[in-house]
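The values are calculated or read from the model by the stated rules, or taken from the named source; none is laboratory data. These figures come from a predicted structure and were not determined experimentally. Heads up, the Cβs are rebuilt from the backbone with ideal geometry, glycines too, and the neighbour counts pull from every protein chain shown. The area values use the complete protein model at the heavy-atom level, side chains included, leaving out ligands, DNA and RNA. Shrake-Rupley method; radii C 1.70, N 1.55, O 1.52, S 1.80 Å.
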Amino acid sequence: MKEECLICKAPLEYFEKDSLMECVICHRRELSKTCCVKGHYVCNDCHMKGMDAIVGICLGETSKNPIEIAEKIMAQPFCHMHGPEHHVIVGSALLTAYRNAGGDIDTESALIEMHNRGKSVPGGACGFWGACGAGISAGMFVSIISKSTPLTNKPFGLSNLMTARALEQIGMVGGPRCCKRDSYLSILAAADFVKEHFGIEMIKPKVVCGHSLRNNQCLGAGCPFAKALTGADSSGSAQK
(Lines give C-alpha, C1' and ligand atoms only; values in the text may rest on other atoms or scores of the structure.)
Protein backbone atom coordinates (compact mmCIF):
# COMPACT_ATOMS: atom_id res chain seq x y z
CA MET A 1 0.00 0.00 0.00
CA LYS A 2 1.36 3.39 -1.00
CA GLU A 3 1.01 6.47 1.17
CA GLU A 4 -2.54 7.01 2.45
CA CYS A 5 -3.04 7.03 6.24
CA LEU A 6 -0.12 8.82 7.91
CA ILE A 7 -0.27 6.36 10.80
CA CYS A 8 -0.61 2.94 9.17
CA LYS A 9 -0.61 3.62 5.38
CA ALA A 10 -4.06 2.00 5.01
CA PRO A 11 -6.50 3.50 2.48
CA LEU A 12 -8.63 6.48 3.43
CA GLU A 13 -12.39 6.47 3.29
CA TYR A 14 -14.69 9.47 2.96
CA PHE A 15 -18.21 9.92 4.30
CA GLU A 16 -21.11 12.04 3.09
CA LYS A 17 -21.76 13.46 6.56
CA ASP A 18 -19.49 14.72 9.34
CA SER A 19 -18.65 12.43 12.23
CA LEU A 20 -16.91 13.33 15.49
CA MET A 21 -13.29 12.21 15.18
CA GLU A 22 -10.33 12.28 17.56
CA CYS A 23 -6.89 12.99 16.11
CA VAL A 24 -4.56 10.13 17.00
CA ILE A 25 -1.64 12.57 17.31
CA CYS A 26 -2.92 15.58 19.30
CA HIS A 27 -6.20 13.99 20.52
CA ARG A 28 -8.24 17.00 19.39
CA ARG A 29 -11.86 16.07 18.79
CA GLU A 30 -13.58 17.63 15.78
CA LEU A 31 -16.04 16.92 13.01
CA SER A 32 -14.63 15.35 9.87
CA LYS A 33 -15.69 13.32 6.85
CA THR A 34 -12.62 11.13 6.61
CA CYS A 35 -10.44 8.60 8.39
CA CYS A 36 -8.54 5.53 7.30
CA VAL A 37 -10.21 2.13 7.02
CA LYS A 38 -8.66 1.17 10.35
CA GLY A 39 -10.18 4.20 12.08
CA HIS A 40 -7.15 6.51 12.34
CA TYR A 41 -7.87 10.22 12.01
CA VAL A 42 -5.22 12.95 11.66
CA CYS A 43 -6.39 16.58 11.92
CA ASN A 44 -5.34 19.23 9.41
CA ASP A 45 -2.96 20.92 11.86
CA CYS A 46 -1.06 17.70 12.57
CA HIS A 47 -1.04 16.81 8.89
CA MET A 48 0.60 20.16 8.13
CA LYS A 49 3.07 20.16 11.04
CA GLY A 50 6.39 21.66 9.94
CA MET A 51 4.85 23.75 7.19
CA ASP A 52 6.14 26.97 8.79
CA ALA A 53 9.43 26.21 7.02
CA ILE A 54 7.87 27.25 3.69
CA VAL A 55 8.43 30.95 4.38
CA GLY A 56 12.15 30.49 4.99
CA ILE A 57 12.57 28.28 1.94
CA CYS A 58 10.86 30.81 -0.29
CA LEU A 59 12.72 33.82 1.09
CA GLY A 60 16.01 32.19 0.10
CA GLU A 61 14.85 31.18 -3.37
CA THR A 62 15.95 32.99 -6.55
CA SER A 63 14.17 30.94 -9.23
CA LYS A 64 11.54 32.44 -11.52
CA ASN A 65 10.09 28.96 -12.04
CA PRO A 66 7.12 28.34 -9.68
CA ILE A 67 7.02 24.61 -10.50
CA GLU A 68 10.67 24.26 -9.48
CA ILE A 69 10.00 26.12 -6.25
CA ALA A 70 6.92 24.03 -5.51
CA GLU A 71 8.90 20.83 -6.07
CA LYS A 72 11.55 21.94 -3.58
CA ILE A 73 8.84 22.49 -0.98
CA MET A 74 7.12 19.20 -1.85
CA ALA A 75 10.42 17.40 -1.21
CA GLN A 76 10.38 18.49 2.45
CA PRO A 77 9.42 15.90 5.11
CA PHE A 78 6.25 17.78 6.07
CA CYS A 79 4.76 17.43 2.58
CA HIS A 80 2.88 14.23 1.84
CA MET A 81 1.55 12.85 -1.42
CA HIS A 82 -1.82 14.41 -0.67
CA GLY A 83 -2.93 16.92 1.92
CA PRO A 84 -3.87 20.49 2.79
CA GLU A 85 -0.23 21.60 2.79
CA HIS A 86 -0.63 22.00 -0.98
CA HIS A 87 -3.15 24.76 -0.34
CA VAL A 88 -0.22 26.84 0.94
CA ILE A 89 2.49 25.50 -1.37
CA VAL A 90 0.85 26.64 -4.62
CA GLY A 91 0.40 30.27 -3.60
CA SER A 92 3.79 30.43 -1.88
CA ALA A 93 5.64 29.13 -4.94
CA LEU A 94 3.79 31.61 -7.14
CA LEU A 95 4.50 34.57 -4.85
CA THR A 96 8.20 33.68 -4.81
CA ALA A 97 8.53 33.25 -8.58
CA TYR A 98 6.49 36.41 -9.13
CA ARG A 99 8.89 38.43 -6.97
CA ASN A 100 11.93 36.89 -8.63
CA ALA A 101 10.49 37.72 -12.07
CA GLY A 102 10.14 41.39 -11.15
CA GLY A 103 6.87 41.56 -9.24
CA ASP A 104 6.69 44.27 -6.59
CA ILE A 105 5.63 42.73 -3.27
CA ASP A 106 6.71 42.68 0.37
CA THR A 107 7.74 39.07 0.11
CA GLU A 108 7.86 38.02 3.75
CA SER A 109 4.53 39.56 4.71
CA ALA A 110 2.96 38.16 1.52
CA LEU A 111 4.20 34.65 2.31
CA ILE A 112 2.94 34.85 5.88
CA GLU A 113 -0.44 36.00 4.62
CA MET A 114 -0.48 33.14 2.10
CA HIS A 115 0.32 30.69 4.89
CA ASN A 116 -2.52 31.97 7.05
CA ARG A 117 -5.05 31.96 4.24
CA GLY A 118 -4.03 28.66 2.66
CA LYS A 119 -4.03 26.62 5.86
CA SER A 120 -7.66 27.62 6.46
CA VAL A 121 -8.77 25.53 3.46
CA PRO A 122 -9.28 22.00 4.81
CA GLY A 123 -8.25 18.76 3.22
CA GLY A 124 -10.97 17.27 1.05
CA ALA A 125 -12.24 20.63 -0.19
CA CYS A 126 -11.75 19.39 -3.76
CA GLY A 127 -14.45 16.79 -3.34
CA PHE A 128 -16.72 18.30 -0.70
CA TRP A 129 -16.67 22.01 -1.63
CA GLY A 130 -16.39 21.63 -5.38
CA ALA A 131 -13.31 23.83 -5.21
CA CYS A 132 -9.84 22.29 -4.98
CA GLY A 133 -7.60 24.01 -2.43
CA ALA A 134 -4.75 24.18 -4.95
CA GLY A 135 -6.93 26.22 -7.29
CA ILE A 136 -8.13 28.40 -4.43
CA SER A 137 -4.49 28.95 -3.47
CA ALA A 138 -3.79 30.34 -6.94
CA GLY A 139 -6.69 32.75 -6.45
CA MET A 140 -5.29 33.74 -3.06
CA PHE A 141 -1.96 34.47 -4.74
CA VAL A 142 -3.60 36.92 -7.16
CA SER A 143 -5.65 38.39 -4.34
CA ILE A 144 -2.45 39.12 -2.40
CA ILE A 145 -0.46 40.65 -5.26
CA SER A 146 -3.43 42.77 -6.36
CA LYS A 147 -4.34 43.78 -2.78
CA SER A 148 -7.88 42.55 -3.25
CA THR A 149 -10.54 42.92 -0.56
CA PRO A 150 -14.32 42.35 -0.66
CA LEU A 151 -14.66 46.08 -1.47
CA THR A 152 -12.13 46.44 -4.31
CA ASN A 153 -13.14 46.52 -7.95
CA LYS A 154 -10.60 45.16 -10.43
CA PRO A 155 -8.56 43.15 -7.88
CA PHE A 156 -11.74 41.43 -6.67
CA GLY A 157 -12.53 40.42 -10.22
CA LEU A 158 -9.00 39.27 -11.02
CA SER A 159 -8.66 37.05 -7.96
CA ASN A 160 -11.97 35.34 -8.67
CA LEU A 161 -11.12 34.93 -12.35
CA MET A 162 -7.82 33.30 -11.36
CA THR A 163 -9.53 30.80 -9.09
CA ALA A 164 -12.07 30.06 -11.82
CA ARG A 165 -9.34 29.47 -14.40
CA ALA A 166 -7.41 27.12 -12.13
CA LEU A 167 -10.52 25.19 -11.13
CA GLU A 168 -11.53 24.87 -14.77
CA GLN A 169 -8.23 23.17 -15.57
CA ILE A 170 -8.58 20.86 -12.58
CA GLY A 171 -12.19 20.04 -13.41
CA MET A 172 -11.43 19.26 -17.05
CA VAL A 173 -8.97 16.54 -16.00
CA GLY A 174 -11.41 15.17 -13.43
CA GLY A 175 -10.95 12.95 -10.42
CA PRO A 176 -9.99 11.26 -8.27
CA ARG A 177 -7.90 13.92 -6.62
CA CYS A 178 -4.17 14.19 -6.96
CA CYS A 179 -2.69 17.07 -4.99
CA LYS A 180 0.45 17.11 -7.14
CA ARG A 181 -1.45 17.18 -10.44
CA ASP A 182 -3.89 19.83 -9.23
CA SER A 183 -1.00 21.94 -7.92
CA TYR A 184 0.78 21.80 -11.28
CA LEU A 185 -2.40 22.70 -13.14
CA SER A 186 -3.06 25.66 -10.84
CA ILE A 187 0.51 26.97 -11.03
CA LEU A 188 0.67 26.76 -14.82
CA ALA A 189 -2.71 28.48 -15.14
CA ALA A 190 -1.51 31.24 -12.81
CA ALA A 191 1.71 31.76 -14.79
CA ASP A 192 -0.36 32.45 -17.92
CA PHE A 193 -2.80 34.64 -16.00
CA VAL A 194 -0.09 36.82 -14.44
CA LYS A 195 1.64 37.34 -17.79
CA GLU A 196 -1.68 38.38 -19.31
CA HIS A 197 -2.95 40.69 -16.55
CA PHE A 198 0.19 41.87 -14.70
CA GLY A 199 2.88 41.80 -17.37
CA ILE A 200 5.15 39.60 -15.25
CA GLU A 201 6.56 36.53 -17.00
CA MET A 202 7.55 33.62 -14.81
CA ILE A 203 9.28 30.55 -16.21
CA LYS A 204 6.69 28.01 -17.31
CA PRO A 205 8.34 24.60 -17.73
CA LYS A 206 7.14 21.41 -19.32
CA VAL A 207 6.08 19.35 -16.32
CA VAL A 208 6.82 15.65 -16.03
CA CYS A 209 5.43 14.13 -12.84
CA GLY A 210 7.79 12.12 -10.67
CA HIS A 211 5.25 11.27 -7.97
CA SER A 212 3.01 8.71 -9.67
CA LEU A 213 4.50 5.69 -7.90
CA ARG A 214 3.36 7.17 -4.57
CA ASN A 215 -0.23 7.70 -5.65
CA ASN A 216 -2.74 4.86 -5.37
CA GLN A 217 -5.25 6.78 -7.48
CA CYS A 218 -2.88 7.96 -10.23
CA LEU A 219 -4.67 8.43 -13.56
CA GLY A 220 -1.66 7.13 -15.43
CA ALA A 221 -1.93 8.04 -19.10
CA GLY A 222 -5.01 10.10 -18.23
CA CYS A 223 -2.84 12.65 -16.43
CA PRO A 224 -1.47 15.51 -18.55
CA PHE A 225 1.86 15.20 -16.73
CA ALA A 226 2.36 11.45 -17.26
CA LYS A 227 5.79 10.53 -18.55
CA ALA A 228 4.28 8.57 -21.43
CA LEU A 229 2.62 11.75 -22.70
CA THR A 230 5.24 14.38 -21.93
CA GLY A 231 8.47 12.45 -22.35
CA ALA A 232 10.62 11.58 -19.35
CA ASP A 233 13.65 13.44 -20.63
CA SER A 234 11.96 16.82 -21.21
CA SER A 235 14.22 19.70 -20.24
CA GLY A 236 13.04 22.03 -17.49
CA SER A 237 10.60 19.43 -16.20
CA ALA A 238 9.47 18.82 -12.67
CA GLN A 239 10.59 15.21 -12.76
CA LYS A 240 12.35 14.06 -9.60
*Can VAL42 be described as hydrophobic (A, V, I, L, M, F, W, C) and either within 18 Å of ALA138 (Cα to Cα) or open to solvent by 50 Å² or more (accessible area, probe 1.4 Å) (or both)?*
no
*Among the residues of segment 85-102, which ones are out of contact with any Pro (no Cβ under 6 Å at 6 or more places or on another chain) and open to solvent by less than 10 Å² (accessible area, probe 1.4 Å)?*
GLU85, HIS86, VAL88, ILE89, VAL90, GLY91, SER92, LEU95, THR96
*Quick one: which of LYS64, LYS17 is closer than 23 Å to CYS209 by Cα, out of contact with any Pro (no Cβ under 7 Å at 6 or more places or on another chain) and open to solvent by 50 Å² or more (accessible area, probe 1.4 Å)?*
LYS64
*Just for segment 36-58: of the residues that are outside any loop (DSSP other than H, G, I, E, B) and among the small types (Gly, Ala, Ser), which one is nearest to GLU13 (Cα to Cα)?*
ALA53
*Write out, first by first residue and then by second, each pair whose Cβ atoms fall under 7 Å of each other, whose residues are 6+ apart or on separate chains, and whose first residue, in segment 199-216, is under 13 Å from LYS227 (Cβ atoms) and open to solvent by 60 Å² or more (accessible area, probe 1.4 Å) while the second is of a type outside the set (Asp, Glu) and modelled with pLDDT under 95.*
LYS206/THR230; LYS206/SER234; LYS206/GLY236; LYS206/SER237
*Evaluation of ALA101 against (1) more than 15 Å from the chain's Cα centre (by Cα); (2) on the phi > 0 side of the Ramachandran plot (one fails), failing number*: (2)
*Report whether or not CYS23 is open to solvent by less than 40 Å² (accessible area, probe 1.4 Å), in contact with a Cys (Cβ under 8 Å, 6 or more places away or on another chain) and of a type in the set (A, V, I, L, M, F, W, C).*
yes
*Quick one: MET48 ticks every box in (1) open to solvent by less than 30 Å² (accessible area, probe 1.4 Å); (2) modelled with pLDDT of 95 or more; (3) hydrophobic (A, V, I, L, M, F, W, C) bar one, so which box is it?*
(2)
*Output yes when any residue across segment 116-134 is open to solvent by less than 40 Å² (accessible area, probe 1.4 Å), modelled with pLDDT of 95 or more and touching a Lys or Arg at 6+ places or on another chain (Cβ under 8 Å), and no when none is.*
yes
*Within segment 146-185, work out how many residues are open to solvent by 20 Å² or more (accessible area, probe 1.4 Å), more than 29 Å from ALA221 (Cα to Cα) and touching a Gly at 6+ places or on another chain (Cβ under 8 Å).*
1
*Give, as residue ranges, the helices (runs of 4 or more DSSP H) completely inside segment 111-211 that count at least 1 residues that are under 13 Å from GLY91 (Cα atoms).*
133-145, 154-173, 179-198
*Could you list, in sequence order, the residues of segment 132-157 that are of a type in the set (Phe, Trp, Tyr) and out of contact with any Ser or Thr (no Cβ under 8 Å at 6 or more places or on another chain)?*
PHE141
*asked:* I'd like to check something: does segment 220-228 contain any residue that is within 27 Å of ALA131 (Cβ to Cβ), modelled with pLDDT of 95 or more and out of contact with any helix residue (DSSP H, G or I) (no Cβ under 9 Å at 6 or more places or on another chain)?
replied: no
